[in-house]
Amino acid sequence: MVEEILKTGKENALSPEYLVSRLNLGTIRALQKQVEKERRDGAVILSSSSSPGGYFLPGSRHEVQEFISTLESRADGTLKALKSARKCIDELEE
């Protein structure tokens, strides 16, 4: 659905607002859920928040690596938040 209409390369990224309208999804959150589903099913859908922001298909190895780095950074932040929350649980149990 989303993958089928995306263009190749970061410079051709389609904005979330455009995709919501084009695909009649109603909300950006619905678009995000659809992208998540397609990614789980094996689609390589890249995204960027830097100009021009939006979703796109990989046009180069560099674009894929940049996306991987972004995901790794987010994952690291999530793991740090989990660690502090688990520490809080341990302290509350004492």
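Within segment 24-34, is there a residue that is at positive phi, out of contact with any Gly (no Cβ under 6 Å at 6 or more places or on another chain) and not β-branched (Val, Ile, Thr)?
Residues of segment 24-34 that are at positive phi, as a first pass: 24, 26.
Retained after the next criterion (residues that are out of contact with any Gly (no Cβ under 6 Å at 6 or more places or on another chain)): 24, 26.
Going one step further and asking which of them are not β-branched (Val, Ile, Thr), we end up with 24, 26.
Among the residues of segment 24-34, at least one is at positive phi, out of contact with any Gly (no Cβ under 6 Å at 6 or more places or on another chain) and not β-branched (Val, Ile, Thr), which makes the answer yes.
Residue-wise test of (1) in contact (Cβ under 8 Å) with a residue 40 or more places away in the chain; (2) on the phi > 0 side of the Ramachandran plot; (3) β-branched (Val, Ile, Thr).
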position: Gly53; (1), (2), (3): yes, no, no
position: Phe56; (1), (2), (3): yes, no, no
position: Ser60; (1), (2), (3): yes, no, no
position: Glu72; (1), (2), (3): no, no, no
position: Thr78; (1), (2), (3): no, no, yes
position: Lys83; (1), (2), (3): no, no, no
position: Lys87; (1), (2), (3): no, no, no
position: Glu93; (1), (2), (3): no, no, no
Exercise. What number of residues within segment 29-53 are modelled with pLDDT under 95, surrounded by 12 or more Cβ atoms within 10 Å (Cβ to Cβ) and over 19 Å from Arg74 (Cβ atoms)?
Worked result: 1
For this session: Could you list all residues from segment 1-30 that are in contact (Cβ under 8 Å) with a residue 40 or more places away in the chain and part of a helix (DSSP H, G or I)?
Result: Glu3, Lys10, Glu11, Asn12
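Quick one: is Phe56 open to solvent by less than 70 Å² (accessible area, probe 1.4 Å), assigned to a strand (DSSP E or B) and either out of contact with any helix residue (DSSP H, G or I) (no Cβ under 9 Å at 6 or more places or on another chain) or among the aromatic types (Phe, Trp, Tyr) (or both)?
Taking the combined requirement at face value, the residue satisfies it.
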Problem set entry | Selection within segment 11-28 - of a type in the set (D, E, K, R) and either open to solvent by less than 40 Å² (accessible area, probe 1.4 Å) or farther than 17 Å from Ser60 by Cα (or both) | Glu17, Arg22
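The values are calculated or read from the model by the stated rules, or taken from the named source; none is laboratory data. Here the structure is a predicted model, which is why all the values come from computation and not from measurement. Using ideal geometry, Cβ is built from the backbone for each residue, glycine included, and neighbour counts are taken over all protein chains shown. Quick note on the areas: whole protein, heavy atoms, side chains included, nothing else; ligands and nucleic acids left out. Shrake-Rupley method; radii C 1.70, N 1.55, O 1.52, S 1.80 Å.
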